[in-house]
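As structure tokens, the structure follows; a few thoughts come after it.
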Amino acid sequence: GYGEIGNSAINNFETLSTFSIGGNMVLGDAFLTGAVPSRIPNTDLVWETTTEVHVGLDFTLLDERLSGGMEYYVRNTGDQLFQRPVPRSQGFGSFRQNFGNVRNSGFELTLSSQNIVKDDFTWETDITFATLKNEVTEVPDFVGGQVTGGGGFAFGGDFWVVKEGEAMASFYGYQVDGVYSTQAEVDAAAAQFPDGTAREGLGHPIYADQNGDNRIDENDRVIIGKPFPDFNFGINNRLTYKNFTLDVYVTGVQGIDAFNNLIAESFYPIDPDRNKLSKYYLNRWTVDNPNSPYPSMVEPGRYQDGRKANKWTVQDASFVRLKNVTLGYDTAFKSLGIESANFYISLENFVTWTDFDGFDVDANSSSGNGVQKGTYGDYPLAKTVRIGARFNL
């Protein structure tokens, strides 16, 4: 298959030079209302276009015991619509322009299997599996080869970058090699801060000097994660035995990262009285706990300086979740006029296996800002127990 789709997500008249109401003034005996340009027009604007090529195969095997489909796709999005910065001397800070390309590719698989089929017992399995590779394939030279941002998300500062060859909005920050645990390590530290002074201290993070200039500044930032998963999956098993039915659904996402503002607020609090995650606060570096992997959290302004995005605060957000378990029983009460009845108990979201520190690893507080992924005080995912019955008369 092949197809193209356009995105015309621009404001009205951005290709034209229009005017809007400006200031008032008196000229002679007349009171007049002025007009000012509304924008810098761009007559070369075109629709953003996504082009997709895919190849797929549907199949049925083993006397219909196994069926499914597989598909590989490549989706390119070009002429993306962005605001290009311009000098304020032109009267505006930016104007709309087409630039940049992004490629998404992946493999999708669905399987349905009748594992066991007997008179009083059956076992069926449904599987979905999908991979995703997101890559920025072109970034214009006039933005310096990359675009950074993220300052609008809670207190994180700049934490993502758009860079050729990397995933869109990849996490961009500092590699942390541990904590200064002894005075000898502090005395031997060569890393300098932008003002030329060495301010390392006991319990402070050891930021990696990536470019070897003996200074820790924004030039030492590297890609430390991505907001897109390597793959996601879902597995549903249905077992029936006589009148009983058991459904078990497991889902998961692997190879995805998220900016965890709860950790950022613990290590780099904007107010010392704000709540902190106990896992880190109770195990922070102290004189009595010199081998702690976490900073002291004392005077964080001395080691902060915009370095909240790092390998501590950008966490692996992979998870496996027991999404649903439902046990049902089918019967009938024909003497009461009930042709069939189903009694069931269902458990939802009861177990999630993850290393992520937060209330809901799958939540995204920054979802309104495009593909960025971050969490900040999200509500816990509710665990639900449902007990019910259905009757057909």
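The values are calculated or read from the model by the stated rules, or taken from the named source; none is laboratory data. Bear in mind that the values here come from a model prediction, so they are computed numbers and not experimental data. Glycine also receives a Cβ, built like all others from the backbone with ideal geometry; neighbour counts cover every protein chain displayed. Note: areas computed on protein heavy atoms with side chains; ligands, DNA, RNA excluded. Shrake-Rupley method; radii C 1.70, N 1.55, O 1.52, S 1.80 Å.
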Cα-based Rg then Dmax for segment 160-297, in Å, read 21.6, 77
Residues whose modelled amide H sits under 5 Å from the amide H of ILE216, counting only those 5 or more places away in sequence or on another chain, are GLN192, PHE193
When the charge dipole of segment 37-140 is computed with +1 on Lys and Arg Cβ and -1 on Asp and Glu Cβ about the Cα centre, the Cα farthest towards its positive end, among LEU66, GLN97, SER112, belongs to GLN97
Expected field for GLU71, accessible surface area in Å² at 1.4 Å probe radius, rounded to 10, holds 60 Å²
What helix-only [θ] at 222 nm does the chain give? Using -39500 (n - 2.57) per DSSP H run of at least 4, over all residues, to the nearest 500, the answer is -1000 deg cm²/dmol
Quick tally, 1.4 Å probe accessible area for ARG103, ARG88, ARG321, sorted with the most first, runs ARG88, ARG103, ARG321
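Convex hull over the alpha-carbon atoms of segment 240-393: what's its volume per residue in Å³?
181 Å³
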So the pair-distance distribution of segment 304-350, from every Cα-Cα distance in 10 Å bins, comes to percents of 18, 21, 17, 15, 11, 9, 7, 2
Heavy-atom accessible area of the chain with neighbours in place, 1.4 angstrom probe: carbon+sulfur share in percent works out to 53 percent
For the chain the mean separation of alpha carbon contacts under 8 Å (6+ apart) over residue count, i.e. relative contact order in percent, is 11 percent
For the chain, whose charge dipole is built from +1 on Lys and Arg Cβ atoms and -1 on Asp and Glu Cβ atoms, the candidate among PHE359, TRP285, GLY178 with its Cα farthest towards the positive end is PHE359
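Ratio of alpha-carbon Rg to the 2.2 N^0.38 Å globular estimate for segment 34-162, to two decimals, please. Working shown, then result.
Values: Rg = 24.4 Å, N = 129, 2.2 N^0.38 = 13.9 Å.
For segment 34-162, the normalised Cα radius of gyration is 1.75.
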Computed about the Cα centre, the charge dipole of the chain from +1 Lys/Arg and -1 Asp/Glu charges at the Cβ has a magnitude in debye, to the nearest 20, of 840 debye
For segment 322-393, the per residue accessible area (1.4 Å probe, Å²) is 63 Å²
Output for the chain (equivalent-ellipsoid semi-axes, sqrt of 5λ from the C-alpha gyration tensor, Å, descending) is 48, 36, 23
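So what is the accessible area of segment 1-155 per residue, in Å², with the probe set to 1.4 Å?
64 Å²
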